Amino acid sequence: MSKAAITGIHGYVPDYVLTNAELERMVDTNDEWITSRTGIKERHILKGEGMGSSHMGAKAVAGLLEKLNIKPQEVDLLICATTTPDYVFPCTANLICDMVGIRNVGSFDIQAACSGFLYALTVGSQFIETGKYKKVVVVGADKMSAIVDYTDRTTCVLFGDGAGAVMLEPNTDGFGILDSIIKSDGIGQNHLFQKAGGSRYPPSHETVEKRWHYVYQDGPSVFKFAVKNMADVSAEIMERNHLSGSDVAWLVPHQANKRIIDATAHRMGIESERVMMNIHRYGNTTAATIPLCLFDYESQLKKGDNLVLAAFGGGFTWGAAYVKWAY
Ligand code: ACO
């Protein structure tokens, strides 16, 4: 049976860099606190009237197609993971397809907060494994700056904007996404969420006044769940694929907090040199963190490398994937 192999990767972050120094001038925070508690030094912010997650997603997909010399009309399906869609509808995947010239094929969004890319990768790989499609694009794109309250120091230092995209194609030589686990638990719904803007609390003067259109996070509670579940699911995927720490070439973790990443790596027996990390440059870009890591480290990856991808996010949602790198 074919597996879905990642055959290319591309990333995009907007030009504007929001540094810790600039945040110090906006809220009561400081570089020392942000760096020591999160590992973040700067993040990129999408500026410009009418610019949304799709614009960054489209840049990532256009770059991917160009790099692989694949024409838009060869793509069979595009899936976009996002928590910050341009509109409630149509979906962001739809808009990205339009921007890059992909037409008359399926496209849809997946919403699993910071685990979105891992979920989308798992879903996309099924279409390849069943033999239904030959070229599936999976994008993670988030403009977190659209829902971050830049007067709330507990959240505004954490997030950034960006996008990353991968191409999935069939592989019968043992490379690709060999296993994945996705999980969720609604116990997290009040610890990390955006209260208004959906059908429970549609936009109103009251929701705006109460600042319910912004990210709310009970950081310490989320931290505890994230540390445990990201480590547990990574250990689970290693165990069931008979992998020890030394078999794993790279841990590719969601970039929410360096301390969560360190705890996961420690549990897996993986030293820091084999952990992809770019949180210091981008912050938490939600669905874009994992593809942006793969993009940044692409030149260091070797065919046959065992990768464990791991994520945790709002919901709660979490998961892991075991990937044998195909090129
Ligand atoms: N600058 C200075 N001080 C701050 C800041 C700041 N930016 N933010 C909070 N503080 C203060 C707090 O007010 C608190 O002060 P107090 O002790 O006087 O009350 C103190 O620092 C400690 O605050 P904590 O919230 O306990 O700090 P913690 O060590 O937990 O770090 C953080 C906070 C970074 C948010 C951490 O809890 C975390 O990373 N949580 C998990 C994030 C995550 O994984 N999210 C899931 C993915 S995101 C998604 O799905 C969209």
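The values are calculated or read from the model by the stated rules, or taken from the named source; none is laboratory data. Computed from a prediction, not measured in an experiment: that's the story for all the values here. Cβ atoms come from the backbone with ideal geometry, glycine included; neighbour counts cover every protein chain shown. In case anyone asks, the SASA skips ligands and DNA or RNA and just uses the protein heavy atoms, side chains included. Shrake-Rupley method; radii C 1.70, N 1.55, O 1.52, S 1.80 Å.
Mean separation of Cα pairs under 8 Å and 6+ residues apart, divided by the residue count of the range 178-324: what relative contact order is that in percent?
Rounded, it is 36 percent for the range 178-324.
Amide H of Ala112 versus every other amide H placed in the peptide plane: which residues, excluding those fewer than 5 positions away on the same chain, fall under 5 Å?
Amide H neighbours of Ala112, under 5 Å, 5+ apart: Thr82.
Among the trypsin sites (Lys or Arg not before Pro) in the range 84-186, which ones are in a DSSP loop with at most 14 other Cβ atoms within 10 Å of the Cβ? Mind listing them?
Counting only loop positions with at most 14 other Cβ atoms within 10 Å, the trypsin sites (Lys or Arg not before Pro) in the range 84-186 are Arg103, Lys132.
At 222 nm, what value in deg cm²/dmol follows for the chain if DSSP H runs of at least 4 each add -39500 (n - 2.57) and the sum is divided by all its residues, to the nearest 500?
Estimated from H runs of four or more residues: -10000 deg cm²/dmol.
Once you have a ≥ b ≥ c as the square roots of the Cα gyration tensor eigenvalues for the chain, tell me rounded if a/c is under 1.5, and otherwise prolate or oblate according to whether a/b is larger than b/c.
Oblate is the answer for the chain, as a/c is 1.5 or above yet b/c matches or exceeds a/b.
With Cβ to Cβ distances under 10 Å as the rule, what net charge do the other residues near Val136 carry (K, R +1; D, E -1)?
With Lys, Arg at +1 and Asp, Glu at -1, the net is +1.
Counting only protein heavy atoms and a 1.4 Å probe, tell me what percentage of the chain's accessible area is made up of carbon and sulfur.
That fraction is 51 percent.
Mean separation of Cα pairs under 8 Å and 6+ residues apart, divided by the residue count of the chain: what relative contact order is that in percent?
26 percent
Calculated FRET efficiency, Glu298 and Tyr150, Cβ-Cβ r, R0 41 Å, to nearest 0.05?
FRET efficiency, Glu298 to Tyr150: 0.80.
How much area per residue is accessible in the range 178-324 when the probe is 1.4 Å and only protein heavy atoms are counted (Å²)?
Roughly 45 Å² per residue, with all protein chains present.
Could you pull out the trypsin sites (Lys or Arg not before Pro) across the range 279-324 that fall in loop regions by DSSP (anything but H, G, I, E, B) with no more than 11 other Cβ atoms inside 10 Å?
Lys302, Lys303
Antiparallel as a % of all DSSP beta bridges within the chain, to the nearest 5?
70 percent
I want the antiparallel fraction of DSSP beta bridges within the range 178-324, as a percent rounded to 5.
75 percent
Kindly count the pairs of lysines across the range 178-324 whose alpha carbons are less than 18 Å apart, treating pairs on different chains or eight or more residues apart as eligible.
For the range 178-324, qualifying lysine pairs total 7.
In a shell of Cβ-Cβ distance under 11 Å around Gly315, excluding Gly315 itself, what net charge do Lys and Arg (+1) and Asp and Glu (-1) give?
Around Gly315, the charge tally is 0.
Within the range 35-141, report the GluC sites (Glu not before Pro) that DSSP leaves as loop and that have at most 10 other Cβ atoms within 10 Å.
Those satisfying the criteria are Glu49.
Please report the relative contact order for the range 3-177, taking Cα pairs under 8 Å with a sequence separation of at least 6, and give it as a percent rounded to a whole number.
Computed over the range 3-177, the figure is 36 percent.
Apply the Karplus curve 6.51 cos²θ - 1.76 cosθ + 1.60, θ = phi - 60°, to the phi angles in the range 202-210 and return the couplings in whole Hz, x for Gly and Pro.
Here the 3J(HN,Hα) series is x, x, 8, 4, 5, 5, 5, 4, 7 Hz.
Could you derive backbone 3J(HN,Hα) for the range 317-326 from the dihedral phi with the Karplus parameters 6.51, -1.76 and 1.60 (θ = phi - 60°), listing whole Hz in sequence and x where the residue is Gly or Pro?
10, 7, x, 8, 9, 9, 10, 9, 5, 9
Which translational diffusion coefficient, to the nearest whole µm²/s, is obtained for the range 63-204 from the Stokes-Einstein equation, given a Kirkwood hydrodynamic radius over C-alpha pairs, 25 °C and 0.890 mPa s?
147 µm²/s
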